[in-house]
1. Got at least one residue in segment 113-129 being more than 22 Å from Ile59 (Cα to Cα), touching a Leu at 6+ places or on another chain (Cβ under 9 Å) and charged (D, E, K, R)?
2. Name every residue in segment 180-207 that is at pLDDT below 95, open to solvent by less than 20 Å² (accessible area, probe 1.4 Å) and among the hydrophobic types (A, V, I, L, M, F, W, C), in order of residue number.
3. Tell me which residues, restricted to segment 83-111, are open to solvent by less than 40 Å² (accessible area, probe 1.4 Å) and at positive phi.
4. Sort through Ile135, Ile148, Ile144, Ile117 and tell me the only one that's closer than 30 Å to Phe27 by Cα, open to solvent by 60 Å² or more (accessible area, probe 1.4 Å) and part of a helix (DSSP H, G or I).
5. Can you name every residue in segment 15-48 that is at pLDDT 80 or above and open to solvent by less than 50 Å² (accessible area, probe 1.4 Å)?
Amino acid sequence: DSTGDWSSDVCSSDLRFINDLNELEDFELPQNAVMFKESNNVNTFILKMLFVAVCITLIFVSVSKAISDAQDVAYKGANHFTWVTVALWIAQVLPHEYIHMLFYGKNAFAKIYLSPINGVLVCYSSKPLKKKQFIIMSLAPTIIFAIIPYLSWALYFVNYGGIGRALLSYCIFPFIFGVGDYSNVFKTIRQVPNGALVINSGMHTYWFKKIP
């Protein structure tokens, strides 16, 4: 089910504060909805995401060093952190979630939930998406805020000394910030059959097929 007009949803009170992820809204689900195979415990989920974040950091460093070596540029790390870098990190946090909202499309009831206790910011919607649409929606912010800037570094700015290092240092955060999205994409690819729809409800994600 969807409710309201997309433009009013996006412009009205989109951000809601919750104490715990268990307080995420439950939406009405089809009778044949199947819950993703995922943890029911919030703390376990967060620990898994921290582990994924560490893995992403290691991959990021390894790939960046390989790109630098391939272009005969000394790799000096991605630790050129300035107030500008931190400000850009903070500035992309909410837009990251709003991009998720935009990709739900028109007539989608979508909200952003912030749990300061869990340190989690999520976008949830009651609108079902096709499998491919859900994957694109999940990855869109990372493509915009991480992959495109990273490719610009790898293809051009890797040779620009301090500027290149500053750009590389910026890229690490949006890559890590998307850990929850990567988890959803991985589970969607592995668990959701082709032709099925994906929907959020509470702290879980479900898939179902339309009944003829």
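The values are calculated or read from the model by the stated rules, or taken from the named source; none is laboratory data. Small disclaimer: the values here were computed from a predicted structure and weren't measured. Every residue, glycine as well, gets a Cβ built from its backbone with ideal geometry; the counts of neighbours run over all protein chains shown. We work out accessible area using only protein heavy atoms, side chains counted, and drop any ligands, DNA or RNA first. Shrake-Rupley method; radii C 1.70, N 1.55, O 1.52, S 1.80 Å.
1. no
2. The answer is Ile199, and nothing else.
3. Gly105, the sole residue that qualifies.
4. Ile144
5. The answer is Ile18, Leu24, Phe27, Pro30, Ala33, Phe36, Glu38, Ser39, Ile46.
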